[in-house]
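Peer 1: First the structure, then my questions, so here it is.
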Amino acid sequence: MPRILAIDYGLKRTGIAVTDEMQIIASGLTTISSETLIPFLKEYFSKEKVEKVIIGEPKQMDGTPSESATLIEKFIVLFQKEFTTMPLEKIDERFTSKMAFQTMIDSGLKKKQRQNKGLIDEIAATILLQDYLQYKR
């Protein structure tokens, strides 16, 4: 069974998570520079079977698009040009960064480790993907 890949897209960094082949568990894959995301995905898709990509959709508390929504939409247009046959689904990402930070605290990471913004992005992508998997079931 192909994997599902999740993207927590940001201006500078992008967190990426992926499921196992049975689509049961979401795991953090990496955090990369956002400008290298398309080449990274091309290489990843050439090595791994991916069924679908989900991307965090930033929203305000009232459900309206946040300021960074236009940034995400620009990336989505680029993604769909590059990967015309790959399904892409937007998922509400409210609270994922806060949940990622709390996860770091709960797992006992020291303050210095919790300041690693790349790790927060990767964990946020993992939370996004795990939430999607639970919703899908």
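Peer 1: For the ranges 77-87, 36-46, 122-132, what's the packing order if you count other beta-carbon atoms within 10 Å of each residue, average per peptide, and put the highest first?
Peer 2: 122-132, 36-46, 77-87
Peer 1: With a Förster radius of 30 Å, plug the Cβ-Cβ distance of Q80 and I25 into 1/(1 + (r/R0)^6) and report the FRET value to the nearest 0.05.
Peer 2: Taking R0 as 30 Å, the efficiency between Q80 and I25 is 0.60.
Readers should treat all values here as calculations from the given coordinates under stated rules, not as data from a laboratory. Nothing here was measured: the structure is a model prediction, and the numbers come from that model. Every residue, glycine among them, receives a Cβ derived from its backbone with ideal geometry; neighbour counts consider all protein chains shown.
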